[in-house]
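Student: The structure follows.
The numbers here are math on the coordinates, done by the rules we state, and not lab data. None of these values were measured; they are calculated from a predicted model. When we count neighbours, we look across all protein chains shown, and the Cβ atoms used for this are built from the backbone with ideal geometry, even at glycine.
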Amino acid sequence: MRKITLFISTSADGKVATESGDTSWTFPLMENGFEDFYKKVDIILMGRFTFEKQLTQGPWPYTDKKTYVFSKTLKNQFGPEIEVTPQDPAFLIEDLKLTNGKSIWLAGGVSLVRYLMKENLVDEIVLNMHPQMLGQGLDLFPLPLHTLFWHLKSSTELPSGVVQIHYVGNSSSES
């Protein structure tokens with residue numbers, strides 16, 4: 001069965017983006033193992049806001065992966081590698097997890113992350129905590145959030161000061 005991994009960067013105060021949606025403070029991604037992680041996935045999941053923000057940053061960078069964008073307002077007009085769907089994410093993801101393939105990257109946004117965690121569909125979290133406080137912006141886990149328990153798999157301090165924390169869920173078969 002495929003696993004879903006939330007691989008994401010946050011500020012030290014738990015923000016994933018500024019209020020305007022800017023994430024440029026999270027770069028460089030390559031230092032935090034993103035390239036290795038990216039090779040292990042063949043499907044990307046994201047919400048509408050994250051998708052639209054990515055489109056403003058230049059050409060679509062994930063042309064070699066199937067991307068599912070969850071939106072009730074966007075139309076499916078972005079090419080064969082991008083599928084916009086109004087479907088309930090839980091139903092699609094339960095089906096995707098049963099197909100053969102690599103891991104699935106949950107790239108964001110916060111509403112989608114929150115919903116999938118509530119439905120117990122996220123198997124692991126790789127959290128790249130950056131050494132800055134944004135003060136204001138988009139919280140990764142906006143309150144209230146139901147109780148979840150994760151097991152620490154590893155933590156690594158990177159040369160930039162980023163701390164990468166890898167958690168696995170209770171149902172994950174990886175130890």
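Student: Let me understand the chain better: what is its radius of gyration from the alpha carbons, and its Dmax, in angstrom?
Tutor: Computed over the Cα atoms of the chain, radius of gyration and Dmax are 15.5, 42 Å.
Student: Between D36 and T73, what length in nm is gained on full extension when 0.36 nm per residue of separation is reduced by their alpha carbon distance? Walk me through the numbers before you get to the answer.
Tutor: Details: separation 37, 0.36 × 37 = 13.32 nm, distance 3.34 nm.
Full extension of this stretch gives 10.0 nm more.
Student: Per-residue HN-Hα couplings for region 22-27, Karplus 6.51 cos²θ - 1.76 cosθ + 1.60 at θ = phi - 60°, whole Hz, x for Gly and Pro?
Tutor: Each residue's phi maps through the Karplus curve to give 6, 10, 4, 5, 8, 7 Hz.
Student: Report the FRET efficiency, 1/(1 + (r/R0)^6), for K153 and D95, where r is their Cβ-Cβ distance and R0 is 30 Å, rounded to 0.05. Each step should come with its number before you reach the end.
Tutor: Numbers: r = 27 Å, r/R0 = 0.89.
After rounding, the FRET efficiency stands at 0.65.
Student: Using Cα pairs under 8 angstrom and six or more residues apart, how large is the relative contact order of the chain, in percent?
Tutor: Values: 312 pairs, mean separation 61.0, N = 175.
Over the chain, the number comes to 35 percent.
Student: What ranking do L98, L158 get, fewest neighbouring Cβ atoms within 10 angstrom at the top?
Tutor: So the residues, fewest neighbours to most, are L98, L158.
Student: Quick check: the distance between the Cα centres of region 106-175 and region 42-67, to the nearest angstrom?
Tutor: 20
Student: Stretched out fully, how many nm does the piece from M133 to F27 gain, at 0.36 nm a residue minus the Cα gap?
Tutor: Values: separation 106, 0.36 × 106 = 38.16 nm, distance 1.51 nm.
Additional length available on full extension: 36.6 nm.
Student: Around L106, which amide H atoms from residues at least 5 apart in sequence, or from another chain, sit under 5 Å from its own amide H, with H modelled in the peptide plane?
Tutor: Residues meeting the criterion, in which the H sits 1.01 Å from N, are T5, L6, F7, L45.
Student: So how do S71, S24, S11 line up by other beta-carbon neighbours within 10 Å, fewest first? Please list the in-between numbers first.
Tutor: On the way: S71 16, S24 8, S11 21.
With the fewest neighbours first, S71, S24, S11 line up as S24, S71, S11.
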